[in-house]
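S.K.: Before I ask anything, here is the structure I am working with.
No value in this document is a laboratory result; all are computed from the given coordinates. These figures come from a predicted structure and were not determined experimentally. Positions of Cβ are backbone-derived with ideal geometry, glycine not excepted, and every protein chain shown enters the neighbour counts.
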Amino acid sequence: MEHACHPVSGCEPPCREPLGRPCARPHRQAWLRAPWAGPTAQCQAKGVATGFLCWGCGWWLLGVQVLEVGPVRKLLIVVVALFAALFAASVWLLRRDSSPSPKLIILGIDGLDSRMVSRLMAQGEIPALRELYGRAAVGTIRNSDLGLPPVSPAIWTTFATGALPNTHGIHGFVFKADRGWELFRSTNRKVPAFWEIVSQAGKSVGVVNWWFSYPPEEIRGFLVTDRYFEAEVAGLSAITYGRATGNEAPPTYPLELVGQVRISRRQALPKVLSAADAAQLDGTMLMLAYQAHQVVPVETLLIYLNGLDRVSHMAWDAQDQEGLGGNEVRQHIRNVDGFIADVLRRAHVKSHLVILSDHGFEANQKNEGPRGIHESKEAADSALILLAGPAIKAGVDLGAVSPLDVLPTLLALADVPLPEGIPGSILRQAFLPGARNFEALEKRRRYARLPAVEGEIRAKGSATDAVDQATKERLRALGYIE
C-alpha cells in the first residue's frame, strides 16, 4: 500500500535491534510502529476489540451452527460476523496508534564526535544516522568560541538553560563546601532549565538521567534523575532510597514513579570498560525512559546517554590509524546507531527528533589519566546537533552553531515562548516556512525556578551521602575529579 514517508525516519529507515544487531522482523509503516502507549490505553483498546470479536463469533455460531436458516441468511450472518471481527481489529489498531506519543524527543549522546560520525557513515557502518542525515538539519556546536570548558555538566546545563556557567552556576562536577568537595545539584542551578520552562508554559515534559537533575523539580511530567541509576550502583535500591529514607529527596518525580520504573541490580554497572558494557548502560536508560513515559505520558521527552563517553575514556585505542578510537569505541557508535533506530521505530509520524552531543574525543598522549580525552579545541568543537521532523528542512547544513542557540531552538520545536534574558537565538534556517510563528515565540516571558522536592539531607552515612561517594568514585575513574 502506498504511504507518505515518515518525516523523521523516512520511508524505509534501517531496522536495527537496540544493541546494534540486525532486525529479523520486517519493517512496518510509520503509523504502525511500536507505540508509546501506556498500559491502561492498550488494555482499553484490547477490551473493546475483544468484545466486538466475541460478538461476531457468537453471531456466527448462532446463525451457522445452531439456527436452521436458509443459505442466504447464513451468508448474511457470516458477513456480519466478519465485519464485526474486522471492526474489532481496526478499533485495536487505531486506538493503539492514537495513544499519547512524545511530540519532541531530545536524545543527548555524550561524546558523540561529529567527525567520527561522518567517517563511519561514509563506510556504511551506521545506516540509521546516514538515513537521518539526509532528512535533517545538521551542524557542529562550537563550544570554544565562548570559552565554554569541555566539561560535560557545564555544557549540558548550558544546553538546558541557554546560559553560560557564570550565569547558570554549574561549572563542573564538584564545588567547595563546608564539608569539603561536594557534587553539584539541581539546587545549585541559578536559572530555570528547559523542563521548568516547558512546564510553566503548560506542556508536559519528561527527563531521564540529565546531569545534576537531583533533587527533582516539581514539573508537569516526570523526572528520573541522574541519582536513580547511581543509587543502584551504590548497592542501594532506588525504591529504598525514595521510600524507606523519608527524610531524603527521592530520585524521581513524582515519588510514585520510583516503584514503577525498575532496573535489575545486574544492569547497574559501576564501570564501563567495553562496548557491551556501554550498550547495557545506554539500553537501560532508554528502557527507563520508555517505562516512565508509559506511566506518565508526556509531550516532550529528554534522554541523556553517557555510555559512549565512558567507553571512550576507558577503552580508547591510540593506535587506531583512522582516529576512530579502536574496536570498542567504534562498536559502541554502531550500538548508538541501533538505539537511534529503535527510537525512530517508536516515534510518531508527527514527532520531532533532536540529537545533541557535547564534545568529541581524541587519544591521551600522556602516560597518566584516561585513554581518551577531549581537551583540544578540535575535540571541544566536534559536538553534534541534528534536527529532524515535519517542521524541519531536509538536508540543511547549519554549519557552526553556538551552544547558546540550542535552548531557543528546542523551545521553538516545543512551540514555547523564549525566556527573558537569554542571549541565544532560534536556528530559523532549520525550519520550513510557516512551520513556527517566530514573532510569537520571540515575545520573551519571565520563567521562575520551580521548587525541588523537599527533604534532601547530606549527613554522613545517609543514602544521599552513599550515592555521592559512588558517583565520585566513578568520576575519579574517568579522570574528572581527584
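S.K.: For a footprinting-style exposure proxy, rank PHE229, PHE173 by other Cβ within 10 Å, fewest first. Present the calculation step by step, with values, prior to reporting the outcome.
M.R.: Details: PHE229 26, PHE173 21.
Ranked by crowding around the Cβ, least crowded first: PHE173, PHE229.
S.K.: Apply the Karplus parameterisation 6.51 cos²θ - 1.76 cosθ + 1.60, with θ equal to phi minus 60°, to every residue of the range 163-173 and state each ³J(HN,Hα) to the nearest whole Hz, in sequence, with x for glycine and proline.
M.R.: 10, 7, x, 5, 9, 7, x, 9, 9, x, 9
S.K.: Tell me the label-point distance for the pair ALA448, SER144, using the 7 Å Cα-to-Cβ offset, in nm and rounded to one decimal.
M.R.: Using points 7 Å along Cα→Cβ, the separation is 4.3 nm.
S.K.: From the phi angles alone, apply the Karplus equation (6.51, -1.76, 1.60; θ = phi - 60°) to the range 213-228 and give each ³J(HN,Hα) in whole Hz, x where the residue is Gly or Pro.
M.R.: 9, 9, x, x, 7, 8, 9, 8, x, 9, 9, 9, 6, 5, 7, 4
S.K.: Output ³J(HN,Hα) for the range 124-139: one whole-Hz value per residue in order, computed from phi by the Karplus curve 6.51 cos²θ - 1.76 cosθ + 1.60 with θ = phi - 60°, and x for Gly and Pro.
M.R.: x, 8, 10, x, 5, 5, 5, 5, 5, 4, x, 10, 10, 9, 10, x
S.K.: Skipping prolines and chain starts, which residues have an amide H placed within reach, meaning under 5 Å, of the one on LEU398, given they are 5 or more residues away or on another chain?
M.R.: The list, which skips near neighbours in sequence, is VAL138, GLY139.
S.K.: Could you list HIS348, HIS171 so that the one with the fewest beta carbons within 10 Å of its beta carbon is first and the one with the most is last?
M.R.: HIS171, HIS348
S.K.: Right, another one. Name the residues whose placed amide hydrogens come within less than 5 Å of the amide hydrogen of LEU305, ignoring near sequence neighbours (fewer than 5 apart) on the same chain.
M.R.: Here the answer is GLY108, ILE109, ASP110, since their amide H atoms fall under 5 Å of that of LEU305.
S.K.: What percent do you get for the relative contact order of the range 104-477 when only Cα pairs under 8 Å and 6+ apart count?
M.R.: On the way: 765 pairs, mean separation 107.8, N = 374.
29 percent.
S.K.: Under the rule of at least 5 residues apart or a separate chain, name every residue whose amide H is placed under 5 Å from the amide H of LEU223.
M.R.: For LEU223, the qualifying residues are VAL207, TYR253.
S.K.: How much net charge surrounds LYS393 when only the other residues with a Cβ under 11 Å from the Cβ of LYS393 are counted, with Lys and Arg +1 and Asp and Glu -1? Show your work: numbers first, answer last.
M.R.: On the way: positive: ARG135, ARG428; negative: ASP397.
Cβ neighbours under 11 Å give a net charge of +1.
S.K.: So between GLU256 and ALA363, what do we pick up on full extension, going 0.36 nm a residue minus the alpha carbon distance? Working shown, then result.
M.R.: Details: separation 107, 0.36 × 107 = 38.52 nm, distance 4.38 nm.
That works out to 34.1 nm of additional length.
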